[in-house]
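I have a structure I would like to understand better, so I am pasting it below and will then ask my questions one at a time.
The values are calculated or read from the model by the stated rules, or taken from the named source; none is laboratory data. None of the values given here were measured: they were computed from a predicted structure. Counting neighbours? That spans all protein chains shown, and the Cβs are built from the backbone with ideal geometry, glycine included.
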Amino acid sequence: MYNDVIKKIKEYDTIVIARHVGVDPDALCSQLALRDSILLTYPEKKVLSIGTGSSKFLNFGKLDRLEKVENALLIVLDTPDKRRVDSLDFNQGSYTIKIDHHPFVEKFCDLEIVEDDKSSTCEIILNLIFSTELQCNDSIAELLYMGIVSDSNRFLFNSCGADTFLSVSKLLSQYSIDLAKTYEKLYLRPLNEVRLEGYISLNMKVTPNGLGYVIINDEIINQLEVDSASAGNMVNNYNYIKEVLVWATITEDIKNNQYRVSIRSRGPEINRIAENHNGGGHKYACGVKTKSLDEAISIMKDLDLLLQNYKS
């Protein structure tokens, strides 16, 4: 399969790389790393990594301006379903490739590589580079390492197997990565976000079934002077609360007229509930964007019932 990807990359002079809406480090780092690797290997090609960026990840690298192209190779990363692809016009491509590590949702590309046993899409891109003629350098290696670390929550998730550590070990042995600076890029945050974390800890409601959740409205966001996406970005910080098996943040996003629901689990699989509310993600880490607080509360009720059945 990896060789099929390289064959198509060689075939096209113009390549557009996209990923899911609501950018996160794995999605961003995988598309930047793949773009830079292709350009390093085939400098004559035009390769664009597109999508809506985030001020939180400005120091990761620059995305490309969206341009009108024709007969391009379109590569979609870290996205299981077509409706969640960010900023990509499928009419501009004559061949499409999907590379993803989420559980399969739907086939929407000509060639699809779905490895849901991998820690991250960056791990798949790393294996693609190691298995083919694609080239790498220190900056590409750093991007891939950041994506793997972020999506595995610093190698804490079960998605990290022996192959993950072997690939990362090979990466670190062949390329120079300043680990301290890399972790600083990922985890340095302003004091206001630390105070938001304190607010979440103090105000989390916990049900008898083991669901923990907090509602963060626009008033709190303005009071603490944080971004509406901040709560979702720190949801992994609550992994090991003894009384909580599933936890979620519900954050009001006035600008986009929606509520962001970020969900994590240390027990039951939760992605089906997210999918039932037009969201999605992994079995134990997923999210939903909804227009109403009532629906967000409905998701909490579904999760609580899931936990009740799981515990019984």
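Determine, yes or no, whether residue 243 is assigned to a loop (DSSP other than H, G, I, E, B), charged (D, E, K, R), in contact with a Lys or Arg (Cβ under 6 Å, 6 or more places away or on another chain) and modelled with pLDDT of 95 or more. Walk me through how you get there before you give the answer.
Working: assigned to a loop (DSSP other than H, G, I, E, B): yes; charged (D, E, K, R): yes; in contact with a Lys or Arg (Cβ under 6 Å, 6 or more places away or on another chain): no; modelled with pLDDT of 95 or more: yes.
No; evaluated as a whole, the condition is false for this residue.
Related question: Just name the residue that is surrounded by the most Cβ atoms within 10 Å (Cβ to Cβ) out of those in region 154-188 that are out of contact with any Ser or Thr (no Cβ under 8 Å at 6 or more places or on another chain), hydroxyl-bearing (Ser, Thr, Tyr) and modelled with pLDDT of 95 or more.
Looking at the filtered set, the residue picked out is 167.
Further question: Those residues that are modelled with pLDDT of 95 or more and either on the phi > 0 side of the Ramachandran plot or part of a loop (DSSP other than H, G, I, E, B) (or both), I need them from region 264-276; list them, please.
Scanning region 264-276 gives 268, 269, 270.
Hey, could you check region 230-251 for residues that are in contact with a Ser or Thr (Cβ under 7 Å, 6 or more places away or on another chain) and of a type outside the set (S, T, N, Q) and say which is nearest to residue 21 (Cα to Cα)? Lay out the reasoning, then the answer.
Going through region 230-251, the residues in contact with a Ser or Thr (Cβ under 7 Å, 6 or more places away or on another chain) turn out to be 231-232, 235, 245-246, 248-249, 251.
Narrowing further to those that are of a type outside the set (S, T, N, Q): 231-232, 235, 245-246, 248.
Working: 231: 17, 232: 14, 235: 18, 245: 27, 246: 24, 248: 19 Å.
Per the stated criteria, the residue is 232.
When you go through 47, 16 one by one, which is the residue that is β-branched (Val, Ile, Thr), closer than 15 Å to residue 76 by Cβ and in contact (Cβ under 8 Å) with a residue 40 or more places away in the chain?
Numbers: 47 fails: in contact (Cβ under 8 Å) with a residue 40 or more places away in the chain.
The match here is 16.
Would you mind listing the helices (runs of 4 or more DSSP H) fully within region 160-228 where at least 1 residues are basic (Lys, Arg) and closer than 27 Å to residue 59 by Cα?
Numbers: elements: 162-174, 179-187, 191-203, 218-224.
The helices (runs of 4 or more DSSP H) meeting that bar are 162-174, 179-187, 191-203.
Kindly check whether there is at least one residue in region 55-67 that is surrounded by fewer than 17 Cβ atoms within 10 Å (Cβ to Cβ), charged (D, E, K, R), more than 22 Å from residue 185 (Cβ to Cβ) and in contact with a helix residue (DSSP H, G or I) (Cβ under 7 Å, 6 or more places away or on another chain).
no
Find all pairs meeting these conditions: Cβ atoms under 6 angstrom apart; at least six residues apart or on different chains; first residue within region 250-264 and within 16 Å of residue 199 (Cβ to Cβ) and assigned by TED's automatic domain parsing to the domain that holds residue 234; second residue aliphatic (A, V, I, L, M) and at pLDDT 95 or above.
250/215; 250/261; 250/296; 251/216
Name the single residue that is modelled with the lowest pLDDT among those in region 81-126 being in a helix (DSSP H, G or I) and surrounded by 17 or more Cβ atoms within 10 Å (Cβ to Cβ). Steps first, answer last, please.
Residues of region 81-126 in a helix (DSSP H, G or I): 82-84, 90-92, 121-126.
Cutting the leftovers down to surrounded by 17 or more Cβ atoms within 10 Å (Cβ to Cβ) gives us 84, 121-126.
Working: 84: 91, 121: 98, 122: 98, 123: 98, 124: 98, 125: 98, 126: 98.
If we take residues in region 81-126 being in a helix (DSSP H, G or I) and surrounded by 17 or more Cβ atoms within 10 Å (Cβ to Cβ), then 84 is modelled with the lowest pLDDT.
Here's something else I'd like to know. For region 120-158, give me the residue count where each residue is farther than 17 Å from residue 79 by Cα and among the hydroxyl-bearing types (Ser, Thr, Tyr).
So the count comes out to 4.
Continuing with this model, one more query. Among the residues of region 202-216 satisfying the criterion of being without any contact (Cβ under 8 Å) to a residue 40 or more places away in the chain and under 24 Å from the mean Cα position of the chain (by Cα), which is farthest from residue 258 (Cα to Cα)?
Checked region 202-216; the qualifying residue farthest from residue 258 (Cα to Cα) is 212.
Among (1) over 17 Å from residue 212 (Cα atoms); (2) crowded, with 22+ Cβ neighbours inside 10 Å, where does residue 289 come up short?
Looking at each condition in turn, residue 289 falls short on (2).
What about residue 139, is it more than 20 Å from residue 287 (Cα to Cα), in contact with a Gly (Cβ under 9 Å, 6 or more places away or on another chain) and among the hydroxyl-bearing types (Ser, Thr, Tyr)? Can you show your working first?
Details: more than 20 Å from residue 287 (Cα to Cα): yes; in contact with a Gly (Cβ under 9 Å, 6 or more places away or on another chain): yes; among the hydroxyl-bearing types (Ser, Thr, Tyr): yes.
Yes: the conditions hold for residue 139.
Within region 197-212, identify whether any single residue is touching a Leu at 6+ places or on another chain (Cβ under 9 Å) and in the same structural domain as residue 145 (by TED's automatic domain parsing), and answer yes or no.
So far as region 197-212 goes, no, none of its residues is touching a Leu at 6+ places or on another chain (Cβ under 9 Å) and in the same structural domain as residue 145 (by TED's automatic domain parsing).
crowded, with 16+ Cβ neighbours inside 10 Å and not assigned by TED's automatic domain parsing to the domain that holds residue 27: which single residue out of 227, 151, 218 fits that description?
Numbers: 151 fails: not assigned by TED's automatic domain parsing to the domain that holds residue 27; 218 fails: crowded, with 16+ Cβ neighbours inside 10 Å.
None of the others qualify; the one that does is 227.
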